[in-house]
Amino acid sequence: MKFEEYLDSLRNKSVAVIGIGVSNRPLIRLLLERGIPVTACDKKSREALGPLGDELEQHGCRLQLGEDYLKDLTADVIFRTPGLRPDVPELAAAVARGSALTSEMEVFFQVCPCEMIAVTGSDGKTTTTTIIAKLLEAAGRTVHLGGNIGRPLLCDTPDIAPTDLAVLELSSFQLMTMDRSPRIAVMTNLSPNHLDVHKSYGEYIAAKENIFTHQTVRDIAVFNADNETTVRCAEKAPGRVRWFSRRKEVADGVFLRGTSIVCRGPQGERVVLDTADIKLPGVHNIENYMAAVAAVDGMVPDEAIRAFARTFGGVEHRIELVRELDGVRWYNDSIASSPSRTIAGLRSFPEKVILIAGGKDKGISYDAIGPEINEHVKALILCGATAGVIRAAVEKAANFTGLPITEVDSYQSAVALARETARPGDVVLLSPASTSFDRFANFMERGRVFKDLVNALK
């Protein structure tokens, strides 16, 4: 279906859009411009919306706000915000009454005129998605980057040509109800995550699998051969399966041989780049590059890959070097909202670090992070709701030998204590191992607050 055809299909229907966040505002404005009745629903109060509420009402939008924002939904079409489960009672009741439940990303999959490459996983998906997009741009392709990263793309559809490429990062929440899959799908890894929203790890895996479930035999799915869960997922892929592996050679895909990243396929094998070419620290970023190379193989010249890897400094909030002050390097890894992400960050540094961690619990175990912190951390500073949980995991680990642990009540105190503790040559790493929602709107706000505090140090 073409974009205009989809909009035409809504002309005599009512639409409800759940969530008035940044990602849904272009959609709300577009629907209003086309004369389509829109009810915008959000838990925020009218006062909290401020001028945005005035603007939407002036253009004919009906607002349904506050604690009852989901009450008595009767719209013909309901756009679900990704963070809202599709089976909450209010949405289930609306569907039972005849409403069609969809999302911005689901509709984009219906109307996108070009091929799509999409990435999901528990860790590394933003960096891998960014690398794929940048490599394709380096090869001269016009790329539209979006999904769970960048900007919502649905309203940009008229500007997308059939010869372009859409590169998407997709979360489990976006994938839960997806009934289409991209031409090339990448699954970086899977580990328990978002169990505060998903009913079980099994449901989380099933949502992630939608990235390839609806592919055809002509499509490609790239999997992590070193992750037991993704290996099991690959058995269900209907198309060509490619692998990436840091630990073993694979028949079709990308692997590490010594320090050489090797690509192998039906036409033979070749060395694409050396790990020394990769500017980003950490073995997990070697894996991110291998996943990206497997996805763009045949579309990007190897020399372009090497040139890019030598200069790419990473994505904001992902082991991002904030500054070096008095011989101390400060890194922002605010994206690390799970223990596995923080473990990967800790393993990126050869030296022991001063770690700032803690945030909101999302229902997963912290046992695995205890031994890792004892091995890779010289001083631990905890702040947030999970401070006690992380402390307990560290202290009960078999390798605990009295690591200094301090709990503070604010990021300002955490940064001040880290400054006082650090000596020339040290690394201070913000890597929370928890979500940001105890104190911040999202991990970006958390990272920016941390960076502002670090950059304000004299």
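Structure summary
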read-out: Probe 1.4 Å - accessible area at Ser410, Å² to nearest ten; value: 30
read-out: Order of exposure, largest accessible area first, which applies to Phe173, Phe223 with probe 1.4 Å; value: Phe173, Phe223
read-out: Antiparallel DSSP beta bridges within the chain, as percent of all bridges there, nearest 5; value: 25
read-out: Using θ = phi - 60° and Karplus 6.51 cos²θ - 1.76 cosθ + 1.60, couplings along region 89-100 (whole Hz; Gly, Pro as x); value: x, 5, 6, 4, 5, 5, 5, 4, 7, x, 6, 9
read-out: Loop-resident sites, region 74-150, for chymotrypsin sites (Phe, Trp or Tyr not before Pro), counting at most 11 other Cβ within 10 Å (DSSP); value: none
read-out: Where His317, His144 fall by accessible area, highest first, once all protein chains stay in place (1.4 Å); value: His144, His317
read-out: For a label point 7 Å along the Cα-to-beta-carbon line of Val22, residues of region 441-455 with backbone N under 17 Å; value: 441-452
read-out: MRE, 222 nm, helices only [DSSP H, n ≥ 4, -39500 (n - 2.57), over the chain, to nearest 500]; value: -9500 deg cm²/dmol
read-out: Simple Cβ-charge dipole of the chain, Lys/Arg +1 and Asp/Glu -1, about Cα centre, in debye nearest 20; value: 500
read-out: 20 Å-binned pair-distance histogram of the chain (Cα, whole percent); value: 23, 54, 22, 0
read-out: Relative contact order (%) - the chain, alpha-carbon pairs under 8 angstrom, separation at least six; value: 11
read-out: Amide H within-cut-off set for His144, under 5 Å, with H built and near neighbours excluded; value: Leu165, Ala166, Val167
read-out: Rg and Dmax of region 94-144, Cα atoms only, in Å; value: 15.6, 49
read-out: Convex hull of Cα atoms in region 10-150, direction-averaged projection (nm²); value: 10.2
read-out: Over region 228-301: Kirkwood hydrodynamic radius from C-alpha pairwise inverse distances, Å; value: 12.8
read-out: Residues with amide H under 5 Å from that of Val377, placed H, sequence gap 5 or more; value: Val353
read-out: Extended-chain gain in nm, criterion 0.36 nm per residue less alpha-carbon gap, Val88 and Asp179; value: 30.8 nm
read-out: Cα-Cα over 31 Å, subset of Lys2/Lys279; Lys199/Lys236; Lys43/Lys208; value: Lys2/Lys279
read-out: Region 113-193: mean projected area of Cα convex hull, nm²; value: 5.4
read-out: J(HN,Hα) series, region 144-156, from Karplus relation 6.51 cos²θ - 1.76 cosθ + 1.60, nearest Hz, glycine and proline x; value: 10, 9, x, x, 7, 9, x, 10, x, 9, 4, 6, 8
read-out: Descending Cα extents along the principal axes, region 1-61, whole Å; value: 38, 20, 15
read-out: Solvent accessible area, Å² - Leu27, 1.4 Å probe, full protein context; value: 10
read-out: Residue range of the chain that is longest and free of GluC sites (Glu not before Pro) which are both DSSP loop and sparsely packed (at most 10 other C-beta within 10 Å); value: 68-234
read-out: Computed accessible area, Cys155, all protein chains, 1.4 angstrom probe, square angstrom; value: 40
read-out: Gain in span if fully extended, Val95 to Thr216, counting 0.36 nm per residue against the direct Cα distance; value: 40.6 nm
read-out: Residue-wise HN-Hα coupling along region 436-442, computed from phi with Karplus coefficients 6.51, -1.76, 1.60 (Hz; x: Gly, Pro); value: 9, 6, 6, 9, 10, 5, 6
read-out: Amide H partners (placed H, <5 Å) of Arg242, local residues excluded; value: Ala221, Val222, Phe223
read-out: Förster radius 56 Å - calculated FRET efficiency between Glu420 and Thr142 (Cβ-Cβ, nearest 0.05); value: 0.65
read-out: Length added when fully stretched, Gln58-Ser9, from 0.36 nm per residue minus Cα-Cα; value: 15.2 nm
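The values are calculated or read from the model by the stated rules, or taken from the named source; none is laboratory data. Being a predicted model, the structure only gives us computed values, none of them experimental. Counting neighbours? That spans all protein chains shown, and the Cβs are built from the backbone with ideal geometry, glycine included. These area figures cover heavy atoms from the full protein model, side chains too; ligands, DNA and RNA do not enter into them. Shrake-Rupley method; radii C 1.70, N 1.55, O 1.52, S 1.80 Å.
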